[in-house]
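Please read the structure below before turning to the comments.
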Amino acid sequence: MLPSRFEYHRAGTLDEALSLLATHGDEAKVLAGGQSLIPMMKLRFAYPGHLVDVNHVDGLDRIEERDGMLCIGALVRHNHLAANEIIKARYPTIASAAPQIADPLVRNLGSIGGSLAHADPAGDLGSVMLAMGASAVLRGGGGERVLPMSEFLLDTFTTAIAPGEMLTEVRVPIPPARSGGTYLKLERKVGDWATVGVAVALELSNGRIGRAGIGLTGVGLKNLEASDAEASLAGATPGEDAFAEAGRLAAAAANPVADVRGTVEYKRHMVDVYVRRGSAHAFETARRAG
Ligand SMILES: Cc1cc2nc3c(=O)[nH]c(=O)nc-3n(C[C@H](O)[C@H](O)[C@H](O)COP(=O)(O)OP(=O)(O)OC[C@H]3O[C@@H](n4cnc5c(N)ncnc54)[C@H](O)[C@@H]3O)c2cc1C
């Protein structure tokens, strides 16, 4: 099907993009990689009157550590995340998730900003960013707002981005040396959306677990933060008992629906298995990192 009629605007700078978004309000949508937006428009699930193409805006595709944060520009593509040396060296949760997103064609164009702004509960990066304790930086006419990921991802396909605003950057706290993580994704075949995905990020402190982050993909109306499981790990002695309790609590927090990818019971069970396995793996990487 063809999309409904729209006007295309190519922004050359961030100010120009923000001005176009302010002028056209909720009639306008940002065009990043187009991997989700264009199919939605062709199916007529989305029919924006104005597209603001930000692909030529300078500075939105940087990855750098600054002021205690890993700052990832909204236009960083999935394959750029996967190949980045800083991420490969110090951010194993992101590094293991990025190559598992979609297929090489989609990873060449799809961006972290588009992925998070689209807020698909089956999207992988939302869970990763919840686990990492990341924040979303929003820019609009009123200036800049920085929201924790848990306040940014509101519901299925719904975020805190207001009309006239755009997501410009994702900020991830730089983890301490003794930290580790992983992203485990169950998929029917390579390139598929997650049947279940689990992001884990653990920090070690004096032989115990310090901060623990766990995000769940595909088992709720949005990417879920498994807060009870996180709380059970924080301060615990790392080991099979602690990981099993976290798995049990995360499975209880999951709220999957039955579909072609599996039954409710199967998905919940896989959350349990993956949280246990992911926590053990994250602990091992953290232990070795110290
Ligand atoms: C075949 C296929 C398989 C896929 N499989 C997976 C998968 O396994 N896992 C996964 O996580 N994803 C998957 N995706 C989605 C993919 O990751 C998309 O690239 C991503 O969801 C959207 O990124 P984009 O840059 O293409 O955004 P676009 O499609 O350009 O935009 C998506 C939405 O976000 C908005 N937007 C984009 N950038 C911004 C911004 N900076 N500020 C505010 N709003 C913005 C747009 O207005 C639009 O509403 C798949 C996509 C396809 C086509």
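The values are calculated or read from the model by the stated rules, or taken from the named source; none is laboratory data. For clarity, every value in this text was computed on a predicted model and none was experimentally measured. Methodologically, a virtual Cβ is constructed for each residue, glycine included, from the backbone with ideal geometry; neighbour enumeration extends over all protein chains shown. The area values use the complete protein model at the heavy-atom level, side chains included, leaving out ligands, DNA and RNA. Shrake-Rupley method; radii C 1.70, N 1.55, O 1.52, S 1.80 Å.
Which residues in segment 71-101 place their backbone N less than 20 Å from a point set 7 Å from the Cα of residue 288 along the Cα-to-Cβ direction? In segment 71-101, the label zone of residue 288 (backbone N under 20 Å from the point 7 Å along Cα→Cβ) covers 82-100.
With the simple model of a label 7 Å out from the Cα in the direction of the Cβ, residue 273 to residue 8 spans 4.6 nm. Just the protein heavy atoms count here, and of the accessible area of the chain at 1.4 Å, carbon and sulfur take up 52 percent. Answer rounded, prolate or oblate for the chain, using the Cα gyration tensor with square roots of eigenvalues a ≥ b ≥ c: rounded when a/c is under 1.5, else prolate when a/b is larger than b/c, else oblate. Prolate.
Need one word for segment 179-289: rounded, prolate or oblate. Basis is the Cα gyration tensor (sqrt eigenvalues a ≥ b ≥ c); a/c below 1.5 gives rounded, then a/b vs b/c decides. Here segment 179-289 falls in the prolate category. From its DSSP helices (H runs of at least four residues, each -39,500 (n - 2.57)), the chain gives a residue-normalised ellipticity at 222 nm of -10500 deg cm²/dmol.
Computed extension gain for residue 44 through residue 65, at 0.36 nm per residue and net of the alpha carbon distance, reaches 3.6 nm. Contact order, relative form, for the chain: 16 percent (alpha carbon pairs under 8 Å, 6 or more residues apart, mean separation divided by residue count). Derived scalar couplings between HN and Hα for segment 22-29 equal 5, 5, 9, x, 7, 7, 9, 10 Hz in order, rounded to whole Hz, by the Karplus curve 6.51 cos²θ - 1.76 cosθ + 1.60 (θ = phi - 60°), x for Gly and Pro. Cβ-Cβ distance of residue 266 and residue 22, R₀ of 45 Å, FRET efficiency by 1/(1 + (r/R0)^6): the value works out to about 0.45. Think of a 1.4 Å ball rolled over the protein heavy atoms: segment 13-70 then has 54 Å² of accessible area per residue. Lys and Arg at +1, Asp and Glu at -1: add these up for the other residues within a Cβ distance under 11 Å of residue 195 and post the number. Local charge sum for residue 195: +2. The largest accessible area among 267, 42, 222 belongs to the first residue in 42, 222, 267, and the rest follow in falling order (1.4 Å probe, all chains). Of all the options 34, 141, 73, the one that moves most in a Gaussian network model of the chain with Cα springs shorter than 10 angstrom is 141. Surface exposure of segment 120-250, expressed per residue as accessible area with a 1.4 Å probe, stands at 38 Å². Output the 0 to 90 degree angle, nearest 10, between the alpha-carbon long axis of helix 240-253 and the longest principal axis computed from the alpha carbons of the chain. Rounded to the nearest ten degrees, it is 40. Count Lys and Arg as plus one, Asp and Glu as minus one, and take only other residues whose Cβ is under 13 Å from that of residue 152; the net charge is then -2.
Between residue 160 and residue 106, the modelled label-to-label distance comes to 2.7 nm, taking each label 7 Å out from Cα in the direction of the beta carbon. Classify segment 70-207 from the C-alpha gyration tensor, please: rounded if a/c falls under 1.5, else prolate or oblate depending on whether a/b exceeds b/c. Judged from the Cα gyration tensor, segment 70-207 comes out oblate (a/c at least 1.5, b/c at or above a/b).
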